Amino acid sequence: MKLYLVRHGKAQSDGKDPRRPLSQKGREEVARVARAAVKKGMRAMRILHSEKLRAKETAEILASTLHPSEGVSEISGLAPEDDPLLAKEEVETEEGPLILVGHLPHLEQLLSLLVNRNGGAEAVSFSTGTVVCLSQEKARWKIQWALHPDSV
C-alpha cells in the first residue's frame, strides 16, 4: 500500500485571518508539488484532512489534480497536537492508496512512528507543502520519496 503524508501549504497569518486559510503562495506551492507528485506516480483512493481550513484547502487542491475515487474527507486525529497513534490506526484500516493532510508536529511524529516503529528521530523535514511517499511491505513502512515545494 502507498501512503502520502502532506503538510498543508503556507497559510496566512493569524493577524490577517484567524482561520488561517492558505496564502496565494501556499496555493501555488501545493499545486506545483501536486503536479510533480503525479509525475512520480502519486494517486489516491481517498484524501483525509484535519479540521483546520488550511489542511482542507490543501486537500482540495490535491483532489483537483488527483481526482481520488472516494473523494476528500475531514477526520479527527490529524490536528497538530493529536496522538499519532490515532492516525496510524486509520492508516492500518485502509486498503488502497491514501493521502493524509495535516500539520506539525503531528506529521513528523506519525512518520517517525511508522518508519521507526517507536517514534524515534525525525525522518524528513516537513516544510509547508511537502509530500512524503511511503510504501508498506510486510507490515513495514519505508520512505520512497519526498517532494518539497522549493525542489520542484
> Rg and Dmax of the chain, Cα atoms, in Å?
Replying inline: 14.1, 47
> Quick one: if you stick a label point 7 Å off each Cα along the C-beta vector at LYS88 and THR65, how many nm between them?
Replying inline: 2.9 nm
>> On C-alpha positions alone, give me the angle between the axis of helix 106-116 and the longest principal axis of the chain, in degrees, nearest 10.
In response: 20 degrees
> Taking the Cβ of ILE61 as the center, what net charge do the other residues with Cβ under 12 Å away carry, scoring Lys and Arg +1 and Asp and Glu -1?
Replying inline: +1
>> Give me the net charge for the shell around PRO149: Cβ to Cβ below 12 angstrom, other residues only, Lys and Arg +1, Asp and Glu -1.
In response: +3
> Using the alpha carbon gyration tensor of segment 1-79, what are the three equivalent-ellipsoid semi-axes (square root of 5 times each eigenvalue), largest first, in whole Å?
Replying inline: 22, 15, 9
> Sorted by packing (mean other beta-carbon atoms within 10 Å per residue), highest first, where do 139-147, 2-10 land?
Replying inline: 2-10, 139-147
>> Accessible area of the chain with a 1.4 Å probe: how many percent of it is carbon plus sulfur?
In response: 45 percent
>> Projecting each Cα onto the charge dipole of the chain (Lys/Arg +1, Asp/Glu -1 at the beta carbon, about the Cα centre), which of SER69, THR58, ALA31 comes out farthest on the positive side?
In response: ALA31
>> So with the 1.4 Å probe, I'd like the accessible area per residue for segment 1-59, rounded to whole Å².
In response: 49 Å²
>> What is the sum of charges, Lys and Arg at +1 and Asp and Glu at -1, for the other residues whose Cβ falls under 10 Å from the Cβ of VAL131?
In response: +2
> Given the chain, what percent of its DSSP beta bridges are antiparallel, to the nearest 5?
Replying inline: 50 percent
> For the chain, what does -39500 (n - 2.57) per DSSP helix run (n ≥ 4), summed and divided by total residues, give at 222 nm, in deg cm²/dmol to the nearest 500?
Replying inline: -10500 deg cm²/dmol
> Near LYS25, which lysines are there with a Cα under 22 Å away, not counting those fewer than 8 places off in the same chain?
Replying inline: LYS10, LYS16, LYS39, LYS52, LYS56
> Averaged per residue, what accessible surface does segment 61-152 expose to a 1.4 Å probe, in Å²?
Replying inline: 48 Å²
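The values are calculated or read from the model by the stated rules, or taken from the named source; none is laboratory data. What you see is a predicted model; the values in this text were computed from it and never measured. Ideal geometry is used to build each Cβ from the backbone, glycine not excepted, and the neighbour counts take in all protein chains shown. Just the protein is used for accessible areas: all its heavy atoms, side chains included, with ligands, DNA and RNA removed. Shrake-Rupley method; radii C 1.70, N 1.55, O 1.52, S 1.80 Å.
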